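Values in this text are rule-based calculations from the coordinates and carry no lab data. Quick caveat, the model's predicted, so the values are computed rather than measured. Note: ideal-geometry Cβ built from the backbone for every residue, glycine included; neighbour counts use all protein chains shown.
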Amino acid sequence: MTVHSLPAVPAMPTRDILGTPVAALGWQEAIDLLNEAVEQKRFTRIGFMNAHNANLTVHHPRYAKVLKDFIVLPDGIGVDIASSMLYGSAFPANLNGTDFVPEWLATTKTPLTVALLGAKRNSVERARSYFEQRAPQHRFVLIHDGFFDEEREKGILTELIALKPDVLIVAMGVPRQELWIADHITLEHCILPIGVGALFDLLSGTVPRAPPAIRNLRMEWVYRLAVEPRRLFRRYVLGVPAFLWRVMRQRRPLGGRA
């Protein structure tokens, strides 16, 4: 099949969360979407939207603009509450990157080349080992950690062009990873760039995940706040009320549900 670039964001049901269209897809629909993009060699940027990221779009206009060229998947209870307030129901599925990306790779049978970029060196190395055990049908290539200067960046981009991975997983944190993808990554480098935030830290155990019971209650953010109170106080204790206030301001008749 000839490599070609189709529109970055194909038509799909979305719900507007503070100005960002967020895909209203079920779990299998999202998996099918990614598989089709790879199969058709359709360059598609993937990002995620949670309450914190939504707040960032308010303060970072360029981040908000860049996300218009991404397929943005819903992540967490905050955007589900927002969706319920604005559209009368939660998103069809919680497509948080920590669960969705590993599950997608594990269930996708077609062998892929997956490049890993970001986080600290020990985290990305352990994340690669995790992926290799969870999804042995794919080839996982560690490109670099998330700390590099302009000169090394040129080498990273050259390496990606030579490797031509199907998927590039970028873990640099929000909004840096999305801006970096927008500024540097094209179909020449990969088919499917995905910004995943702290995924490598979580998979490697560098940052512990909440026990399954807490995750099932959708209270993982409380656990993370307890583990990293200094770093996450502003994000959750101040950020969540600010997000809900902004959603209330957005709330208005939207002409039906997605």
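Alpha carbon centre of region 30-57 versus region 152-228: separation in Å?
12
Once the Cα atoms of helix 121-134 and of the chain are each reduced to a long axis, what angle between those two axes, in degrees from 0 to 90 to the nearest 10, is obtained?
90
Expressed in nm to one decimal, what extension gain is obtained for the pair Ile81 and Glu151 from 0.36 nm per residue of sequence separation less their Cα-Cα distance?
Numbers: separation 70, 0.36 × 70 = 25.20 nm, distance 4.35 nm.
Between Ile81 and Glu151, full extension yields an extra 20.9 nm.
Give me a comma-separated list of calculated 3J(HN,Hα) values for region 38-54, in order, Karplus coefficients 6.51, -1.76, 1.60 applied at θ = phi - 60°, integers in Hz, x for any Gly or Pro.
With coefficients 6.51, -1.76 and 1.60, one gets 5, 4, 8, 6, 9, 4, 9, 8, 10, x, 9, 10, 10, 4, 5, 4, 4 Hz.
So which lysines can Lys68 reach, going by Cα to Cα under 24 Å and dropping same-chain residues fewer than 8 places off?
Of all the lysines, those that pass the test against Lys68 - Cα under 24 Å, at least 8 places apart if same chain - are Lys41.
Ordered by residue, what ³J(HN,Hα) values in Hz, to whole numbers, does region 147-164 give under the Karplus form 6.51 cos²θ - 1.76 cosθ + 1.60, where θ = phi - 60° and Gly and Pro are x?
10, 7, 8, 4, 5, 5, 4, 4, x, 4, 5, 5, 5, 5, 4, 5, 6, 6
Pull up the cross-link candidates among the lysines for Lys154, meaning alpha carbon to alpha carbon under 17 Å and not fewer than 8 places away within one chain.
Here the lysines satisfying the reach criterion relative to Lys154 are Lys164.
Given that compact globular proteins tend to follow 2.2 N^0.38 Å, what is the ratio of the alpha-carbon Rg of region 53-183 to that value?
Against the compact-globule rule of thumb, the ratio is 1.17.
When a footprinting reagent is the concern and you count Cβ atoms within 10 Å, what order do Trp245, Trp27, Trp104 take, fewest first? Intermediate results must be reported in sequence, preceding the final value.
Details: Trp245 10, Trp27 15, Trp104 22.
Fewest-to-most Cβ neighbours within 10 Å comes out as Trp245, Trp27, Trp104.
What does the charge count around Val58 come to, taking other residues whose C-beta lies under 13 Å from its C-beta (Lys +1, Arg +1, Asp -1, Glu -1)?
Taking every other residue near Val58 into account, the sum is +4.
Whole-Hz Karplus ³J(HN,Hα) for region 188-198, in order, using 6.51 cos²θ - 1.76 cosθ + 1.60 and θ = phi - 60°, x for Gly and Pro?
Taking θ as phi minus 60°, the curve returns 5, 9, 5, 8, 10, x, 10, x, 10, x, 8 Hz for region 188-198.
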